[in-house]
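Each reported figure results from applying straightforward, stated rules to the coordinates on display, with no laboratory input. As the structure is a computational prediction, the values presented were derived from the model and not from experiment. Neighbour counts run over all protein chains shown; Cβ positions are idealised from the backbone, glycine included.
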Amino acid sequence: MPAEQTTGSLSDLHKMPAVQLRDSLRSGELSARETAAHFLARIAERNPLLGAFITVTAEQAMADAGAADDRFARLRKSSATTAGPSLEGLPLLHGMPLAFKDLTDVAGVVTTHGSAALEHKPAPADGALAAVLKAAGVISLGKTQVPEFGLTAYSENRIAPPSRNPHASSRSSGGSSGGSAAAVAAGLIPFAPGSDGGGSIRIPAAACGLVGLKPGRGLVPSGEGAADAAGLVVAGPLARSAADAALLLDALVPAPKSGYLDAVAQEPRPLRIGLSLDSPWAAAFPFAPEPEALAALRAGREMLEHAGHTVTEAGIRYDNRYPDAFTTAWTAAVGNARISPQREASLTPLTKTFRRRAQQRSGAKLDESLAFLRQFTRDTITQYRAWDLMLMPALAQTPRPVGWFTGATHGDGRWPAADWAGDADDDYRRQCEFAPWSSMVNVCGLPAVTVPVYWTGGQPGEGLPMGIQLVGPEGSELLLLQVAAQLGF
């Protein structure tokens with residue numbers, strides 16, 4: 001459930017909803033310096049256990065916060081009113097702390113891409129996502145943990161401790177935005193941008209009990225996907241509530257398309273929602289959803305019906321050629337990554353295997369796969385049009401133990417991991433069975449949101465979170481956030 005409103009002392013800043021924190025910064029009730037200092041102290045205290053951050057840029061953050069406070073002071077001085085400073089000159093997210101996953105270039109900070117096979121040099125300039133959010137006024141506190149090149153549904157690599165789930169430190173926070181999700185869920189930052197090419201926002205959001213929104217293709221002009229031939233990757237918000245996600249989305253989306261926060265509390269019209277457990281991975285990797293996933297689906301259905309929506313069973317037919325075509329498109333970029341031959345031994349087994357296979361494929365094979373995925377998109381969207389939204393579990397299994405996918409032994413707390421001997425194909429199969437309803441949404445370019453409707457301990461915040469995923473048609477980002485807000489998130 002979203003954080004409660006708090007008038008709070010400085011010691012409670014991390015409990016504030018992002019919207020309330022933003023308002024306190026813009027009113028002058030809080031300074032950017034004291035806010036950044038509070039969250040940096042939280043990171044210093046909690047990150048050694050969580051592994052959410054790879055790099056903490058405390059000195060730069062405090063300098064940037066000071067500059068934000070100076071700007072605020074100049075506006076206060078120049079204001080002609082006595083009611084307080086004019087807000088016109090303040091950016092939307094003035095003084096708001098956040099962090100970027102370590103696939104995003106931030107000027108002067110190393111971008112590791114989660115890989116020991118790359119030289120770790122400071123980025124010469126901000127990437128598109130960092131530039132957009134810095135222009136909106138954010139204060140970057142550092143870079144968060146990712147899997148190597150963002151390839152996997154868990155955030156473990158060979159350069160830093162794994163990202164752990166704040167609700168159970170033996171469990172993974174998911175991936176590839178796992179460090180960002182863990183940081184938000186643990187109150188190390190109020191919200192975070194993630195990127196999603198096959199579930200990389202929604203998977204960790206579901207694992208950590210957050211609202212995670214994957215916008216539709218083309219809405220946010222600042223994804224991460226170098227050489228993303230299939231157009232899979234898009235940036236979006238990880239947050240503790242729909243309102244907080246809407247605030248961050250407003251900063252990501254250029255006007256006049258923004259305005260999500262102003263409208264997120266409006267009640268959506270009664271919707272026809274199709275419930276489906278069908279997955280395009282089922283033929284290649286037969287799976288059975290765990291009881292907790294089905295319990296979350298039942299809880300989500302009951303909540304949606306109680307809110308006035310009609311939920312009916314939906315049988316969706318997916319072409320069983322999908323797994324091969326998606327894998328070809330998903331791994332094409334790693335085949336082209338600039339890695340010196342002498343460093344390739346430092347790659348994880350999964351990256352090494354899929355890089356070799358990508359290099360062995362012909363260009364014609366990639367073109368054939370992309371053509372198939374375009375047809376898959378047309379066929380799938382045609383079926384989805386019978387309903388306003390599609391409903392399915394967010395994940396088929398509870399958050400997995402750290403090291404479970406890879407066979408690495410850092411699940412016992414040791415670092416670096418003693419063993420990465422796991423089989424790459426078994427690793428990939430486990431990921432597809434863990435999150436079988438994620439990647440086809442990227443292929444289709446549709447918006448989707450995950451909402452944490454169920455906890456294995458019986459009450460919100462108890463045990464492990466489990467969620468539902470709602471998928472909407474093109475342009476339905478606001479509707480998805482409104483439904484999430486309507487359900488109490």
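Amide H neighbours of Leu238 under 5 Å, at least 5 residues apart or on other chains, H built in the peptide plane: list them.
Here Ala192, Gly194 satisfy the definition.
Over the chain, what relative contact order in percent results from Cα pairs under 8 Å that are six or more residues apart?
Once divided by the residue count of the chain, the mean separation gives 17 percent.
In what order do Trp281, Trp404 fall by count of nearby beta-carbon atoms within 10 Å, going from fewest to most?
By the 10 Å Cβ count, ascending, the order reads Trp404, Trp281.
DSSP loop (so not H, G, I, E, B), at most 15 other Cβ within 10 Å: list which trypsin sites (Lys or Arg not before Pro) in the stretch 235-279 pass both filters.
Answer in residue order: Lys257.
If amide hydrogens are placed 1.01 Å from N in the peptide plane, which non-local residues have theirs closer than 5 Å to the one on Gln145?
For Gln145, whose amide H was placed from the backbone, the distant partners under 5 Å are Phe53, Ile54, Gly179, Ser180.
Mind checking the full-extension length gain between Ala128 and Ser78? Use 0.36 nm per residue of separation minus the Cα-Cα distance, one decimal, nm.
Stretched out fully, the Ala128 to Ser78 stretch lengthens by 14.8 nm.
Read phi for every residue in the stretch 261-267 and hand back ³J(HN,Hα) as whole Hz from Karplus 6.51 cos²θ - 1.76 cosθ + 1.60, θ = phi - 60°, with x for Gly and Pro.
5, 4, 10, 5, 7, 5, 5
Using the membrane-span-like helix rule (whole DSSP H runs, Cα extent along the own axis of at least 24 Å, mean Kyte-Doolittle hydropathy at least -0.5), which helices of the chain qualify?
32-50, 363-384
For every helix of n ≥ 4 consecutive DSSP H residues, a contribution of -39,500 (n - 2.57) applies; sum these over the chain, divide by its total residues, and give [θ] at 222 nm rounded to the nearest 500 deg cm²/dmol.
Taking each H run of at least 4 residues, the total per residue is -11000 deg cm²/dmol.
Scanning the chain for GluC sites (Glu not before Pro) in DSSP loops with at most 11 other Cβ atoms within 10 Å, what's the longest stretch left with none?
With a cap of 11 other Cβ atoms within 10 Å, the longest stretch comes to 120-461.
For the stretch 468-475, in order, what is each residue's ³J(HN,Hα) by Karplus, 6.51 cos²θ - 1.76 cosθ + 1.60 with θ = phi - 60°, in whole Hz (x at glycine and Pro)?
Working through the residues one at a time gives 10, 10, 10, 10, x, x, 3, x Hz.
Which order do the peptides 349-359, 170-180 come out in when sorted by mean C-beta neighbours inside 10 angstrom, highest first?
170-180, 349-359
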